[in-house]
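Inspection log for the structure reproduced underneath, given as structure tokens.
Taken together, the values in this text are just the output of simple stated rules run on the coordinates, not laboratory data. Predicted, not measured: the structure shown is a model, and the values here were computed from it. Don't worry about glycine lacking a Cβ; one is built from the backbone with ideal geometry, like all the others, and counts go over all protein chains shown.
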Amino acid sequence: MQTRHLLLRTVAIMFLVVSVFALTASAQHAGKGKNAQDDGAAAASAPGPNEQVRALSTDEISALVENMKQYVSHSTEGLQAKRTANGIMMDLQDRFQDVFLAKIGPDGKVTAACVDNTQAAEQFLRAKPADTKKTETKKPYDPKDVSTWEEK
């Protein structure tokens, strides 16, 4: 009886493992045919070893902002509340989201922002990088190094 129980458990575990691998492979296969722009996201690619990083054009910025409009929309038009046994549920229809943006400056540093409206996205994407030569870096405080002391 114990051997039969062990065999049944082994078969059940193997079935679960095979199911997980099958689902993973199926999901990977389903995602291969999709274009990165199918969901409105802009395709991003890192420059090759001989390519220069360039600023986004006005048209590219406008296209990015236009594609994210639906996600950062705060419009409640057409939203309907549904009463459930656990309370009230509402499908936000992909609205009221934050969008993470990143850009590479001419110095190669990555700047990132999380925005929740198109104005903030456009402002971030159009902003010129800060002049890094003018910024002064401070040494970390070291109680043994008098040059890091502050006068109060």
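General observations
- Fully extending the segment from Gln93 to Asp142, taken as 0.36 nm per residue of separation minus the present Cα-Cα distance, adds 12.4 nm.
- Over all other residues within a Cβ to Cβ distance under 14 Å of Gly78, the charged ones net out to -1, with Lys and Arg as +1 and Asp and Glu as -1.
- The phi-based Karplus calculation (6.51 cos²θ - 1.76 cosθ + 1.60; θ = phi - 60°) puts the 3J(HN,Hα) values of the stretch 63-71 at 5, 4, 5, 4, 5, 8, 3, 5, 7 Hz, whole numbers, x for Gly and Pro.
- Seen from Thr58, the other residues with C-beta closer than 11 Å to its C-beta sum to a net charge of -2, counting Lys and Arg as +1 and Asp and Glu as -1.
- Label point at Lys128 placed 7 Å out along Cα→Cβ; residues across the stretch 78-120 whose backbone nitrogen lies under 14 Å: 106
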